[in-house]
Structures are given as C-alpha cells and as structure tokens.
Ligand code: OSB
Ligand code: MG
C-alpha cells in the first residue's frame, strides 16, 4: 500500500471532571487525531490514530503542538516518500528520528488500522489477543478532601471497577490510601501512581504504604532515575511499577535486569506504538514480569486499540482502560460501556470503531489535510 494523505484533526474534549495528578490538572483534553488514507490493490482505505500527547510537556517531554510539528515537518514527508508502506514498516522508517514516541505511535496506529480494515482483520487478532473482554480499573485523581475522594471511589466501586488507582504526591499519600483501604476493606485491589513526585530520600516515607497491601506503586521517582527505583525496591515492600521510565523494549529489558521494577505499565503512545508495546509485553513475559495497559484519557479511538492490547496473555493486571463515561459525557465513537467490570474487545476490522461524524464535527477545532 501507499500513503496518499493524512488528515490532522484537533478536537477539544471537556472531561466530566478535572483530573488532578502530581504534575497538573487537566479539565479539557486538546487531542490530535490522525486519519491516514492508503491506496492498495483493493482500492483506498482509511485508518485512525489518536495521539496521546497532552497540551503541556508535564507528563513527558511531548506536547500536542510539537506532535503536529514533527509529523508535518519530518515524519509524514518521510512516509510519503517511502513508496510501499504498511504498519510494520512505519517504526522502521521513522527510526532515524529520535524520540517523539507519541507522534510515531499515532501515525503507526493509523496506518495499521487502514491496512487491517482493507484486509478485514481485527487489531486485537493482529496483536495476538486471547480474551474477548478485559477487566478494568480506574485512575482516581488527587481530590480536595478525603471525604470527596471516598465519595468518588464509592461511585467507581459501585460502577463495577475491579481495581482503584489513587494518584499520590507528597502530602497526599498515606492518609488517602489508609482512608480508602479502611472504608472499602481488604478485598479491594488498590494501587498508587506518583508520576515521579518523590525522590529516593522519601523511601522511608513511601514504606509507610507497605501495611496497606497495595498491588503496586507506579513511577515514584523521576523517569531517568532507574537505579533509584532499583534501590527503592529494596526499601519498600510494595512492588515497584514503571510508567514514564519505560520508552522501549530495550529500556524495559534494562529496568528489569537492574531490578528497578517488577511490574510494567505499558502505554503504546509512550513507547512509539502498539508493535513496540507488544515487544515490551514479550520481554516482560520472558522475565515473569506482569504488565497492564495504561491510559492517557483517550477517546474511543485510542481506547479501542488499548483494549485490544490489554487482551494479550501477559496483561495479567487490570488496566487504566475505563469506560467512556469515566472521561467524557459524549465520546466521539460508540461509547465503551462497563459490563461486570469489563470492556468488550472490539472484533471488527481494524481497531473496530470509527468516529461518529456528528460527534466528531461537534468537537473539532481544526483540520488540515496533508499530502505528498
Ligand atoms: O500516569 O498513568 C498516568 C493520565 C494522563 C497522564 C498520565 C497518566 C494518566 C492516568 C489516567 O493515570 C489513565 C486513564 O484512565 O486514561
Ligand atoms: Mg502513570
């Protein structure tokens, strides 16, 4: 197939409630969607990719304006010039360009989606999914008070979420965790995510989370402090899970070898796409390391692909793959709805969902059609 054009579409999606983490508060997601058009033996086919970069470079160095720039300036011209193209070639062709994982992931996903739709094959089947439903957790932001946190968690528990992830930061860690554990009992699966808010000096403090039997502690230290995580792992009982630090199968292998993590959060956007995400899954499985699928507050487009990934055999912990209504009042696809704590894995061609034209039009702020 050949890439004949790519639509860059910016959408503005208000969240149902502001989402507060140790790095900032998000109220509206400004999202870049890609629609790739490919020409092949059986005619034209289009595919979708959602870029997970946020408005500001606070989670990682990427941000939405930069993803538009790097795609237009470097990635799309190189892919247009490639001639024959399929999803598995995108990462290889873009490899000379350093970093920009979220931009690479978005275009690779759009090309894969177009290719699989043309072939009538599902993304889940292509990746190696072995489940038709995946268990879902929910990521709960930092709240204004413990009472409000308990109310929010109560809502998620009664909606059926099988695991609760609490965002933490210095000053909002042991007490909220204690309150949630006491209120909901020992059977609730709970984990925490610090988004790099601590240093190794905080090890003794973080060990105060030990008595609460958390599933894991996600990314307590800065992304580059892999050795720090290995040290911390010896000082706390809660298993260490890495998110921001893991940008490739190679960094995953190194972190595992160093003892920096015993669990990995796999986010396809953070690692350059679903094919690299699958390689991390494979490396982790070979080392007996559990993985789970992270999230970046995606719309139904990104969610569909994440749910497919989460259906691979090594994804043994519930993901941050919540239902559409946890994020948005109106999604741009048919909404993902929780059923007994699970979401269905889309089985149709490609990612199995597409934007609903009216919904998409209603949230679009800008579109640009890029051709060779
Ligand atoms: O660290 O996992 C994270 C959202 C945006 C940026 C980083 C993170 C998150 C989440 C939400 O925790 C996950 C989701 O429900 O999509
Ligand atoms: Mg995280």
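Throughout, read-outs are computed from the coordinates displayed, never taken from laboratory work. Computed from a predicted model, the values in this text were never measured in an experiment. No Cβ is skipped: glycine too gets one built from the backbone with ideal geometry, and neighbour counts run over all protein chains shown.
Being under 19 Å from the mean Cα position of the chain (by Cα), away from ligand 2 (no atom under 12 Å from the Cβ) and more than 20 Å from residue 163 (Cβ to Cβ), is that true of even one residue in segment 255-262?
No: zero hits.
Run residue 89 past the list (1) in a helix (DSSP H, G or I); (2) in contact (Cβ under 8 Å) with a residue 12 or more places away in the chain and report the number of the one that doesn't hold.
Tallying (1) in a helix (DSSP H, G or I); (2) in contact (Cβ under 8 Å) with a residue 12 or more places away in the chain, residue 89 fails exactly one: (2).
Quick one: would you say residue 247 is within 16 Å of ligand 2 (Cβ to nearest atom) and assigned to a loop (DSSP other than H, G, I, E, B)? Can you show your working first?
On the way: within 16 Å of ligand 2 (Cβ to nearest atom): yes; assigned to a loop (DSSP other than H, G, I, E, B): yes.
Yes; evaluated as a whole, the condition is true for this residue.
Identify the residue in segment 129-158 that is closer than 28 Å to residue 351 by Cα and more than 18 Å from the chain's Cα centre (by Cα) and, among all such residues, is surrounded by the most Cβ atoms within 10 Å (Cβ to Cβ).
Restricting to residues being closer than 28 Å to residue 351 by Cα and more than 18 Å from the chain's Cα centre (by Cα), the top hit is 156.
Could you check how many residues of segment 233-244 are in contact with a strand residue (DSSP E or B) (Cβ under 9 Å, 6 or more places away or on another chain) and more than 16 Å from ligand 2 (Cβ to nearest atom)?
Residues in segment 233-244 being in contact with a strand residue (DSSP E or B) (Cβ under 9 Å, 6 or more places away or on another chain) and more than 16 Å from ligand 2 (Cβ to nearest atom): 2 in total.
Report yes if some residue within segment 215-224 is under 18 Å from residue 146 (Cβ atoms) and within 15 Å of ligand 1 (Cβ to nearest atom); otherwise report no.
Looking for residues that are under 18 Å from residue 146 (Cβ atoms) and within 15 Å of ligand 1 (Cβ to nearest atom), one finds none in segment 215-224, hence no.
Go through segment 117-128 and give me each residue that's buried (at least 24 other Cβ atoms within 10 Å of the Cβ) and in contact with a strand residue (DSSP E or B) (Cβ under 9 Å, 6 or more places away or on another chain). Give the derivation first.
Let us first name the residues in segment 117-128 that are buried (at least 24 other Cβ atoms within 10 Å of the Cβ), namely 123-124.
Once the filter is applied, which keeps residues that are buried (at least 24 other Cβ atoms within 10 Å of the Cβ) and in contact with a strand residue (DSSP E or B) (Cβ under 9 Å, 6 or more places away or on another chain), segment 117-128 yields only 123.
Could we say that residue 224 is free of Cβ contacts under 8 Å to residues at least 24 places away in the same chain, surrounded by fewer than 21 Cβ atoms within 10 Å (Cβ to Cβ) and either farther than 20 Å from residue 296 by Cβ or away from ligand 2 (no atom under 16 Å from the Cβ) (or both) here? Full working, then the answer.
Numbers: free of Cβ contacts under 8 Å to residues at least 24 places away in the same chain: yes; surrounded by fewer than 21 Cβ atoms within 10 Å (Cβ to Cβ): yes; either farther than 20 Å from residue 296 by Cβ or away from ligand 2 (no atom under 16 Å from the Cβ) (or both): yes.
Here the answer is yes, as residue 224 does meet what is asked.
For segment 318-337, which residues satisfy the criterion of being in contact (Cβ under 8 Å) with a residue 40 or more places away in the chain and within 13 Å of ligand 1 (Cβ to nearest atom)?
At the first step, the residues of segment 318-337 found to be in contact (Cβ under 8 Å) with a residue 40 or more places away in the chain are 318-323, 325-329, 332.
Once the filter is applied, which keeps residues that are in contact (Cβ under 8 Å) with a residue 40 or more places away in the chain and within 13 Å of ligand 1 (Cβ to nearest atom), segment 318-337 yields 318, 319, 320, 321, 322, 323, 325, 326, 327, 328.
Between 269, 341, 273, 300, which is touching a residue at least 40 places away in the same chain (Cβ under 8 Å) and within 16 Å of ligand 2 (Cβ to nearest atom)?
Numbers: 341 fails: within 16 Å of ligand 2 (Cβ to nearest atom); 273 fails: within 16 Å of ligand 2 (Cβ to nearest atom); 300 fails: within 16 Å of ligand 2 (Cβ to nearest atom).
The conditions single out 269.
Can you tell me which residue in segment 159-205 is nearest to ligand 1 (Cβ to nearest atom), limited to those that are under 18 Å from residue 25 (Cα atoms), under 20 Å from the mean Cα position of the chain (by Cα) and not in a strand (DSSP E or B)?
Checked segment 159-205; the qualifying residue nearest to ligand 1 (Cβ to nearest atom) is 195.
Listed here are the residues, each with its yes/no results for (1) farther than 22 Å from residue 141 by Cα; (2) surrounded by fewer than 24 Cβ atoms within 10 Å (Cβ to Cβ).
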site	(1), (2)
214	no, yes
235	yes, yes
247	yes, yes
262	yes, yes
307	no, no
314	yes, yes
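Restricting to segment 206-237, name every residue that is assigned to a loop (DSSP other than H, G, I, E, B), more than 19 Å from residue 21 (Cβ to Cβ) and touching a helix residue (DSSP H, G or I) at 6+ places or on another chain (Cβ under 6 Å).
236, 237
Just checking, does segment 269-282 include any residue being within 12 Å of ligand 1 (Cβ to nearest atom), surrounded by 20 or more Cβ atoms within 10 Å (Cβ to Cβ) and either under 12 Å from the mean Cα position of the chain (by Cα) or over 27 Å from residue 29 (Cβ atoms) (or both)?
To start, the set of residues in segment 269-282 that are within 12 Å of ligand 1 (Cβ to nearest atom) comprises 269-270.
Filter once more, so that each one left must be surrounded by 20 or more Cβ atoms within 10 Å (Cβ to Cβ): 269-270.
Filter once more, keeping what is either under 12 Å from the mean Cα position of the chain (by Cα) or over 27 Å from residue 29 (Cβ atoms) (or both): 269-270.
Among the residues of segment 269-282, at least one is within 12 Å of ligand 1 (Cβ to nearest atom), surrounded by 20 or more Cβ atoms within 10 Å (Cβ to Cβ) and either under 12 Å from the mean Cα position of the chain (by Cα) or over 27 Å from residue 29 (Cβ atoms) (or both), which makes the answer yes.
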